[in-house]
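Below is one structure, written out as structure tokens; comments come after it.
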């Protein structure tokens, strides 16, 4: 049986090997982020690098050997901002407890975010994925890894009220027959 990453690769071909030759400073990234990263995210980034799916959904990946960009930069103060909004401006989404933490690993051109739902005492591999709509009031929670979610979205097995229609629209607007990953990984000089 294929892994979620192998399934994703069959649905959305990764960039050429040359675009993926970077070494990511996972220890530094985790230290700055304040959380360990699930192994499937590290494997996903090792295969795909920086970039976006269908010109719509971007992986938050820092630059190689630069721990203060990408995922760490995006998440700096992010939960504080959300708690501020949820303290009176908009309703906290159903399913999110007061002490839950969202660590964003991808975002969309519509400002929707895809995060891990970090729950106290749970190891990273058991964190569900949360899709938070840009209105900050609607959140979908999926009991799966980030790679399982992506593979499911691109295969059509996972239907997200927030993402599915927009991914289909992105595909048709680009006049594509199949999903693509556009690498934004820096080239070696």
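Please treat every number below as a calculation from the coordinates, not as lab data. Everything numeric in this text was worked out from a predicted model, so none of it was measured.
Before moving on, here are some points about what is shown:
- Dividing the helix sum by the residues of the chain, where each DSSP H run of 4 or more adds -39500 (n - 2.57), gives a mean residue ellipticity at 222 nm of -8500 deg cm²/dmol.
- Translational D in µm²/s for segment 4-173 (Stokes-Einstein at 37 °C, 0.692 mPa s, Kirkwood Rh from C-alpha pairs): 200
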